[in-house]
Structure formats: structure tokens, C-alpha cells
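Take a look at the structure set out below.
Derivation of every value follows stated rules applied to the coordinates shown; laboratory data play no part. Please read all numbers here as calculations on a predicted model, not as lab measurements. Neighbour counts are summed over all protein chains in view; Cβ atoms, including those assigned to glycine, are modelled from backbone coordinates with ideal geometry.
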Amino acid sequence: MGAQIIDGKAFAAEMRGQVARHVARIKADHGITPGLAVVLVGEDPASQVYVRSKGKMTAEVGMNSFEHKLDAETSEVDLLALIARLNADAAVHGILVQLPLPDHLDEDLVINSIDPAKDVDGFHISNVGLLSTGQKSMVPCTPLGCLMMLRKHHGSLSGMNAVVIGRSNIVGKPMAQLLLGDSCTVTIAHSRTRDLPDVVRRADIVVAAVGRSEMVPGDWIKPGATVIDVGINRIDAPEKGAGKTRLVGDCEFDSCAEVAGAITPVPGGVGPMTIACLLANSVTACCRANGIAEPDGLTA
Ligand code: NAD
């Protein structure tokens, strides 16, 4: 293996430490405790795990964590009423509605009902517009985490060729905007892209956000390129015993690590950075709401 491993777990721990120091300072200097409200509708097991670990880490950095667990049959009217209450609550600086929502709820309507200033996921249409026009916004956590790792590894990204595989609203598109903001030459590839291997081979930076296990092999990677693997895919792992599974990314780790200059592992790469960036966004939102100077290094 030639590539340097980008240790997202360690970087995320460092970032959470930084967040905790800012939280302590905001409490001491201003008497305000940053607060994050997480809303979970239904019993999706993966969402429950995410919400639990978000709550735990929110408390660990000294912020207030407000969890709202609603029944799967909750009506849109009731969910919107809860969001309106959280929008009006001065103790709540960030609001996150865990996705996906049950089918009877209109995700766009719900997300766009969050006060954009409290939209720590950065999915509100106003934040999407602000990001795409290069203005100050709340930046989606997963792409923000990827950008932070790339900046830490490379310093400046200016002039680099970046290929983002995947065009989702939560990862691919905002990732492309952030890379463009850092003066990369950006290509967004997707399911209809012709000759994807050839497109990827031109990249100095590859961000894979597809959700297909190990679809990017090492021979698509330009020697020395940096590979950020966003994908989280659970596959069977008979080698660990009957019925066991393991997590893999969208990139074939071993073959990519042979040629890449640097690569994020799965797990332990992008995943931990996503939660660290959620906490960072909550502190940023608290500072903006209270006219407190924003700490350096917590947002794009
Ligand atoms: P999505 O399903 O919304 O989007 C997938 C994208 O991949 C689509 O734009 C599609 O055009 C593209 N695509 C599909 N097949 C393709 C192909 N054969 N070639 C090229 N492109 C193809 O998914 P998403 O929400 O963006 O998530 C992508 C992956 O990232 C998933 O594995 C998800 O679990 C993971 N994820 C991880 C984190 C994290 O914190 N680490 C956060 C969000 C998403």
C-alpha cells in the first residue's frame, strides 16, 4: 500500500475538542449554552443509531442536546408545529430533522420550514442558494467534513482537478460547490456519465458518494491522487462467521490505496467528520444568532 491514510476518526476527535473549547468559552463569556435539537420520526434502526450518537457527542462537547422522538404516524401538521416551536426557542441554535422521513411526510416542505439560521444540516433552500453563490451559509456536514480533510491534507486545493461521483443534494452537489469555492476544476459524475473510469483517471481529487460497494477500483485512480470515500455500504462478511457483515466504501480500498497518494478508510474516514461538522455548525449557528465572533476553522 502506497497511500497515506487520512485518519478521519483522529481529525474528528481533534475537531470535537476544538468545538468543546469554543462551547466552554461561549458559556463563560456570554452565559449561553449552544443547543442542538434533533427530531426523529419513526423507528428506522439506522436513524436511531445516528440520533443516539449525535445526542451523546453533543452532550460530550458541553452543548445542550434536545431529542424529539416522534411516532412514525406523526402528521405533517404536528411535525411542522414542533419545528415552529424549535424555531422560536432561543435555547435551540441548531435543528436537525433526521432523514429519511416516513413516506407520508413531504421532506422538502419539512426541511424548508426550519429557520435557515438554525438549519445545521444546510439543506434549506436558502442555504443551498447561499452556498452556490459563494455567500456565508450553513454548510452540509458530510461535504464540509470532506473539505476539511482535503484542506488539512493539501493546504490549498487551488487549480486541482476534482471529480465528485454522485449528484445528490446532500453530498454530491454541495461537495462540488465547496470544491469550486476552493478553486478546484470540478466535474460531477453520475449514473449517466459516459466512460466514468476515464473521467475519474483525470482527477487529482476523487470524492465518491454513490452508495455502491467498492465500485471504484484502483485502476481508475490517477497515481498520487487523493481519494475521499463517502460511501457506507454493508456487505456480507462470511469470513467473520455466518450471518456477519462489515462496512465498505464506494472505493475498493486495497487497490485504490496501491495507487492513490492519500485515501480515507471506511469506516473511520468521512463518517466521524460528519458528526464533528454537525457540532461545529451548531456552534457557528449559536455565534451568529448571538452576535459572537465566529471561531476560525469550524466552517468553510
Ligand atoms: P444518493 O443515492 O442520493 O445518490 C447517489 C448518487 O450516485 C446519485 O447522484 C447517482 O447519480 C450516482 N450514481 C448511482 N449509480 C452510479 C454509477 N453506477 N456511477 C456513477 N454514479 C452513480 O446517495 P447519497 O445520499 O449521496 O449517499 C451516497 C453514499 O454516501 C451512500 O453510501 C451513503 O450511505 C453515504 N453517505 C455517507 C455519509 C457519511 O457521513 N459518511 C453521509 C451521507 C451519505
### Task
Send over the per residue convex hull volume for segment 212-300, Cα only, as a whole number of Å³.
118
### Task
Return the sequence-ordered ³J(HN,Hα) values of segment 71-76 in whole Hz as given by the Karplus equation 6.51 cos²θ - 1.76 cosθ + 1.60 applied to θ = phi - 60°, using x for Gly and Pro.
4, 4, 8, 3, 7, 4
## Note on the structure
Phi angles of segment 48-53, converted by Karplus (6.51 cos²θ - 1.76 cosθ + 1.60, θ = phi - 60°) into ³J(HN,Hα) in whole Hz with x for Gly and Pro, give 4, 5, 4, 5, 4, 6
### Task
Taking DSSP loops as anything outside H, G, I, E and B, show the longest stretch in the chain free of GluC sites (Glu not before Pro) there with at most 12 other beta carbons within 10 Å.
74-300
### Query
How big is the chain in terms of Cα radius of gyration and Dmax, in angstroms?
19.3, 56
### Radius of gyration, Dmax [segment 30-121; alpha carbons; angstrom]
12.8, 42
### Query
Which value, in debye to the nearest 20, gives the size of the charge dipole of the chain about its Cα centre, when Lys and Arg are +1 and Asp and Glu are -1 at the Cβ?
740
#### Entry: Debye intensity ratio I(q)/I(0), log10, segment 73-135, q values 0.19, 0.30 Å⁻¹ (C-alpha model)
-0.71, -1.33
### Task
Report relative contact order for the chain in percent, whole number only (criteria: Cα-Cα under 8 Å, sequence separation at least 6).
22
### Task
Starting at the first residue of segment 145-152, write each ³J(HN,Hα) from the Karplus equation 6.51 cos²θ - 1.76 cosθ + 1.60 with θ = phi - 60°, in whole Hz, x for Gly and Pro.
x, 5, 4, 4, 5, 5, 5, 5
### Message
At 25 °C and a viscosity of 0.890 mPa s, what translational diffusion coefficient does Stokes-Einstein give for segment 141-272, taking Rh as the Kirkwood radius over Cα pairs? Give it in µm²/s as a whole number.
### Response
167
### Query
With each label point set 7 Å from Cα along the Cα-Cβ vector, what nm distance links E43 and V77?
2.6
### Task
Please list the non-local residues whose amide H lies under 5 Å from the amide H of T185, H modeled 1.01 Å from N, same-chain partners needing a gap of 5 or more.
G159, M160, N161, A162
### Query
Pulled fully out, how much extra length does the chain show between L180 and S158, if you take 0.36 nm times their separation in residues and subtract their Cα-Cα distance?
7.0 nm
